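Undergrad: Could you have a look at this structure, given as structure tokens, before my questions?
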Amino acid sequence: MLDKKYPAEPYRIKSVEYVKMINKAEREKVIKEAGYNTFLINSEDVYIDLLTDSGTNAMSDRQWAGLMLGDEAYAGSRNWHRLEKTVKELFGFKHVIPTHQGRGAENILSTLAIKKGQYTPGNMYFTTTRYHQEANGGIFHDIVIDEAHDTTIHHPFKGNICLKKLEDLIKKVGAEQIAYVCLAVTVNLAGGQPVSIENMKAVRKLCDKHKIKIFYDATRCVENAYFIKEREKGYANKSIKEIVFEMFSYADGCTMSGKKDCLTNIGGFLCMNDEEMFLRAKELVVVFEGMPSYGGMTGRDMEAMAIGLEESVQEEYIEHRIKQVRYLGEQLLAAGVPIMEPIGGHAVFLDARRFCPHLTQEQLPAQALAARLYVESGVRSMERGIVSAGRDINTGKNHAPKLELVRLTIPRRVYTYAHMDVVARAVIDIHKNSKSIRGLKFVYEPKMLRFFNARFEEI
Ligand SMILES: *Cc1c(COP(=O)(O)O)cnc(C)c1O
């Protein structure tokens, strides 16, 4: 089983963390108390936690050793210099601004680059990214290829930008009305789907023609690079490091969440080439995050991040990472469970529309399925559908995304193939009896990013 197709873990285990499993009656009580929202369950009541891959990474012994090298100076920390050098080397940008996490970088970028009423086209939205764009007067416009909205279509680079959609927007509103293009690698909400180098180059060319800037959401850039190596002509023999570097050569800057591909538990940064923007970003970072030499991170965090970034581009690490996710997805496919295809980089997404055809989208099928999975197995997942999409900021109506998904997100270097087997068995069992899943309705709906704190009851 564990061969090239599913390579064994390229590490051995030095420290372990025990997990406990409460029984089903206890889990039924827990989910009711959590208002059927998996975000509101205590971690201690979870057996296998696939809520998110954000900040849940297992650090290496080198990173833990790095924590002891923390230089907690208020200004000019040695760890900052190491992190800055590492980011510049790997990504190739001229300037780096540290932030407490990815959304801190999004806040600064959105504040600096968006004028009220300007568009921020992107290959699908991400929750915090769109929030900051809209809060700064930006108008999100989806320019991902149509295939990304259909869970059944096979496309090697389902995160690609549709050049025609971008061109149409430029024609319609004028290039000066576009703040920048936001290009996410990979696209989280499309199922961790990658973008090809060919597409990045084409977007660069089109944007150059119209003098439009491009900022990447770099959060899962290493996972994207692996898909390029695997699928794109001419890249099989390039190193992950070379591919990552090339990807960013087509961007003007990026926002990065340190909680994903940096293999740390917190942190983030903003990169850019523009001098003027860098000066203004340094002014803003002191207001929102901290000095430009820590930006909300401790010295030890920055050391761990620099080491994590170096480890993240190692070939064995990323190959195992992608294939472990695939291992779970392929078991589900073999049992006829409807999932988003092709299987993406960080998660397996259950297609709740096809999983629960007896429920309408207004009955919140993905939220209901995530709650049921927890009750049956102690596995925690997350809704990515109508609840996450929120309401239109102007009309107040629910966004009704085509994709109604439950995300089984695999933390990096945390679980083994045996854990994936447990998850697969639980999902397959529920699928056999999916008609018994009842819909949900809101009993408390927060105004912003409602999925985090919303509460529901069964209908
Ligand atoms: C997590 C994430 C962010 C935000 O980063 P945080 O570190 O959680 O603030 C932005 N974009 C994408 C695609 C993400 O997955």
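Undergrad: Taking interchain pairs and intrachain pairs at least six residues apart, which have beta carbon atoms under 7 angstrom, with the first residue in the range 88-106 and within 13 Å of Lys282 (Cβ to Cβ) and modelled with pLDDT of 95 or more and the second among the polar types (S, T, N, Q) and part of a helix (DSSP H, G or I)?
TA: Within 7 Å, no pair qualifies.
Undergrad: Test of understanding: among Leu309, Leu279, Leu270, Leu284, which residue is in a helix (DSSP H, G or I), more than 21 Å from Leu408 (Cα to Cα) and within 15 Å of the ligand (Cβ to nearest atom)?
TA: Exactly one residue qualifies, and that residue is Leu309.
Undergrad: Pick from the range 82-106 the residues that are in contact with a Ser or Thr (Cβ under 8 Å, 6 or more places away or on another chain) and assigned to a helix (DSSP H, G or I): which of them is surrounded by the fewest Cβ atoms within 10 Å (Cβ to Cβ)?
TA: Top of the filtered list is Arg103.
Undergrad: Quick check: anything in the range 295-314 under 18 Å from the mean Cα position of the chain (by Cα) and of a type in the set (Ser, Thr, Tyr)?
TA: Within the range 295-314, one or more residues are under 18 Å from the mean Cα position of the chain (by Cα) and of a type in the set (Ser, Thr, Tyr).
Undergrad: Another question, then. Would you point out the residue of the range 420-459, among those that are of a type in the set (Lys, Arg) and not in a strand (DSSP E or B), that is farthest from Ala347 (Cα to Cα)?
TA: Lys447
Undergrad: I would also like to ask the following. Has the range 244-260 got at least one residue that is modelled with pLDDT of 95 or more, more than 16 Å from the ligand (Cβ to nearest atom), over 21 Å from Asn79 (Cα atoms) and of a type in the set (Phe, Trp, Tyr)?
TA: yes
Undergrad: Also, quick follow-up: Determine which single condition Glu28 fails, assuming it passes every other condition in (1) in a loop (DSSP other than H, G, I, E, B); (2) surrounded by fewer than 19 Cβ atoms within 10 Å (Cβ to Cβ); (3) in contact (Cβ under 8 Å) with a residue 60 or more places away in the chain; (4) not small (Gly, Ala, Ser).
TA: (1)
Undergrad: Mind listing whichever residues of the range 31-71 are more than 16 Å from the ligand (Cβ to nearest atom), part of a helix (DSSP H, G or I) and either of a type in the set (D, E, K, R) or surrounded by fewer than 19 Cβ atoms within 10 Å (Cβ to Cβ) (or both)?
TA: Lys32, Glu33, Leu40, Ser43, Glu44, Asp45, Asp61, Arg62, Trp64, Ala65, Leu67
Undergrad: Please determine, by comparing only the residues of the range 95-108 that are in contact with a Leu (Cβ under 6 Å, 6 or more places away or on another chain) and more than 9 Å from the ligand (Cβ to nearest atom), which one is farthest from Ala306 (Cα to Cα).
TA: Ile108
Undergrad: Can you go through Ala179, Ala175 and tell me which one is over 28 Å from Lys323 (Cβ atoms), surrounded by fewer than 19 Cβ atoms within 10 Å (Cβ to Cβ) and of a type outside the set (D, E, K, R)?
TA: Ala175
The values are calculated or read from the model by the stated rules, or taken from the named source; none is laboratory data. Values in this document were obtained by computation on a predicted structure and should not be read as measured data. When we count neighbours, we look across all protein chains shown, and the Cβ atoms used for this are built from the backbone with ideal geometry, even at glycine.
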